[in-house]
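Notes follow the structure.
Computed from the coordinates by the stated procedures, all read-outs in this text should not be read as laboratory data. Note that the coordinates shown come from a computational prediction; the quantities given were computed from them, not determined experimentally. In this analysis, Cβ positions are derived from the backbone assuming ideal geometry, glycine residues included, and neighbour counts consider all displayed protein chains.
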Amino acid sequence: MNIFDIIGPVMVGPSSSHTAGAVRIGYISRKLMGEPVSKAQINLYGSFLATGKGHGTRKALVAGLLGMNTDDMRIPDSFEIAKEQGMEVHFGEARLKDAHPNTAQLILTGQSGRQLEVIGQSIGGARINIAQIDGIDTNFSGDYPTLVVHNLDQPGHVAEVTSMLSHKGVNIATMQLYRSNRGGEAVMVLECDQEIPEDGIRWLEKVEGVKKVTYLSIE
Amino acid sequence: MAGYHSVKDILTICSDEKLPIWKVIMEEDCIERQVVQSESFAGMRAMYTAMKQADKSYDSRLRSASGLAGGDGEKLHIYNMSDKKLCSDFTSLAMEKAVKMGESNACMRRIVAAPTAGSCGVIPAVFIAYEESFNVPEDRIVEAMFITAGIGAVIAENASIAGASGGCQAEIGSASAMAAAGLAYLAGGDNDCIVNAMAMALKNMLGLACDPVCGLVEVPCIKRNSAGAVNAIASAQMALAGIRSAIDPDEVIDTMRRIGNAMPAGLKETSEGGLAQTPSALKIKEKLEEI
Ligand code: SF4
């Protein structure tokens, strides 16, 4: 924590966890999508579901999905703005077991038809954790440029990704590996110190065995 | 994490390097975030500027989504303009600004979390009211903001600044202690005075429960901001008068941690206890569920 975590952030109220954190979940999901969202099914869980209305949690999530950050004065008007921009939004209850009390599940369709499902948790202050992407557990904050690679669980994919990064001069800050089952689908989550150049991402997308590449740029 | 971990650490660095507290905090920020002093200072000024903008943009017509919050700052303003007010101009203004900021937050306006959104009114209320009442250069206030932030960082490290883990003593209490330290500095107090103002302010808030009605940052949060501001002023004034805390400042912070741990979950933001479970609160809850 630095002193600007103590005095700050500048944010639209009323709650750092239920408003600012919710904006961040939407915002990071929009970035992970990499293109404007045309349809969003937003399912809420726990305290997000119970007290979210009074905190503007729903408006905050939609604002984030529209690309607004936590200090954007338009957050209270996000529903109208979503309508204007042709983003279809539906709300529901998330059926999760023993999840974090401030959890949102976003099932998104992008303008090109790209699909993405994100489970985000607001973990205190305005900080968040992305706990699941497309049904596979993850664990990252969205504070760093983050690369998420879905691939078949076969030898060699980790080496391909890391050598691409070293070739591009990108330093890895943290790295996590997950898989659904042996020989099934695996996910790599890499938080990096630098942004990954676009051509590196495009190259990865074409590698055999790689099913999906999602990149979070913080620029 | 910064190179200081306690109030005592800050004071030791001050005397070793012959620097005022605010400079020690700023230099530590430069090391931690790898920035130069002018950037650090500009960053803190930006926070103060955002606080002033939030203060100015208060709109008495706004109501929160629940309909519970809004318009009270204006009532205080009108009363403060009358010749019947009980406190000095400065203290009255601080009370008013604290309530206004709390209301702005509840009404989804832009505020600065200090240290949290629920307690966002205390620090700006004291500092902006001081600047307006005593005509000090803005740079001095920014210096006081560094002291405030440094004290907050020590509290966050050794206790908590979240109602969910420490109760409201950790939010309004911390904000009040942080503001008291900054105010003691602004009014000319030395380092000993500054840390004692902080210690007394925090002591006065120990044990405060976090019991928001319907889980919303409205009742009792908004009005508690004015209590936090007035308590900061009272504590700074006691310290400036030469009164000292019998309990060491770091021990007060540690006490807040222990009390926070001893508090039942029902008093830590769950709305399962305290004011949130009164018949009045339950009636409000019923009404809100109909909306
Ligand atoms: S009662 Fe709880 S939510 Fe309200 S200001 Fe205090 S700590 Fe924050």
Spatially proximal lysines relative to B:K100 (Cα-Cα < 18 Å; intrachain offsets below 8 disregarded): B:K52, B:K56, B:K75, B:K85, B:K223
Partner chain coverage, peptide B:102-109 - average Cβ within 10 angstrom: 5
For peptides A:72-80, B:233-241, A:166-174, sequence by mean Cβ density within 10 Å, most packed first: B:233-241, A:72-80, A:166-174
Cβ-placed point charges (K, R +1; D, E -1), dipole of chain B about Cα centre in debye, nearest 20: 840
Proximal lysines relative to B:K8, as straight alpha-carbon distance under 23 Å, when same-chain residues fewer than 8 apart are discounted: B:K18, B:K23, B:K203
Inter-site label distance for B:K8 and B:A265 at 7 Å from Cα along Cβ, in nm: 3.5
Among B:G102, B:G71, B:G242, residue whose mean-square fluctuation peaks in a GNM of chain B (springs only between Cα atoms under 10 Å): B:G242
Measure of compaction for the stretch B:129-197 (Cα Rg per 2.2 N^0.38 Å): 1.16
Inter-probe distance in nm under a simple model that places probes 7 Å from Cα toward Cβ, at A:L152 and B:S15: 7.0
Mean shadow area of the protein assembly as shown over all directions, Cα convex hull, nm²: 25.4
Among B:G173, B:G67, B:G266: highest mean-square fluctuation, GNM of chain B, C-alpha pairs under 10 Å: B:G67
Selection from B:M238, B:L267, B:P249 lying farthest towards where the dipole of the stretch B:228-268 points positive, charges on Cβ: B:L267
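Per residue of chain A, what 222 nm ellipticity follows from adding -39500 (n - 2.57) for every DSSP H run with n ≥ 4, rounded to the nearest 500?
After summing the helix terms and dividing by residue count, I get -8000 deg cm²/dmol.
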Two-decimal ratio, the stretch A:84-218, of alpha-carbon radius of gyration to 2.2 N^0.38 Å: 1.10
The stretch A:3-140: radius of gyration over Cα atoms, expressed as a fraction of 2.2 N^0.38 Å: 0.95
Rg followed by Dmax, in Å, when the stretch B:244-291 is reduced to its Cα trace: 16.8, 52
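Percentage of Cα-Cα pair distances in the stretch B:1-93 greater than 17 Å, rounded to whole percent?
Cα-Cα pairs of the stretch B:1-93 separated by over 17 Å account for 69 percent.
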Total charge dipole magnitude, the protein assembly as shown, about the Cα centre, Cβ charges on Lys, Arg, Asp, Glu only, Debye to nearest 20: 1300
The stretch B:138-273, relative contact order [Cα under 8 Å, separation at least 6], %: 33
Ellipsoid equivalent to the stretch A:141-219 - semi-axes via the Cα gyration tensor, in Å: 20, 14, 11
Kirkwood estimate for chain B, i.e. one over the average of 1/r between Cα atoms, Å: 19.1
Total charge dipole magnitude, the stretch A:3-140, about the Cα centre, Cβ charges on Lys, Arg, Asp, Glu only, Debye to nearest 20: 120
Alpha-carbon Rg/Rh ratio, for the stretch B:67-115, with Rh computed the Kirkwood way: 1.03
Sites B:A246 and B:N135 - FRET efficiency at Förster radius 30 Å, r taken between beta-carbons, to 0.05: 0.30
Farthest positive-ward along the stretch B:1-111 dipole, Cα basis, beta-carbon charges - from B:Y48, B:S92, B:V35: B:S92
Square roots of 5 times each gyration tensor eigenvalue, C-alpha, the stretch B:82-197, largest first, Å: 22, 19, 12
Distance in nm between pseudo-label sites at A:D193 and A:H167 (7 Å out along the Cβ direction from Cα): 2.2
Highest-MSF residue in chain B out of B:M81, B:M95, B:M256 [GNM, Cα springs under 10 Å]: B:M81
For A:53-60, mean number of other protein chain Cβ atoms within 10 Å: 5
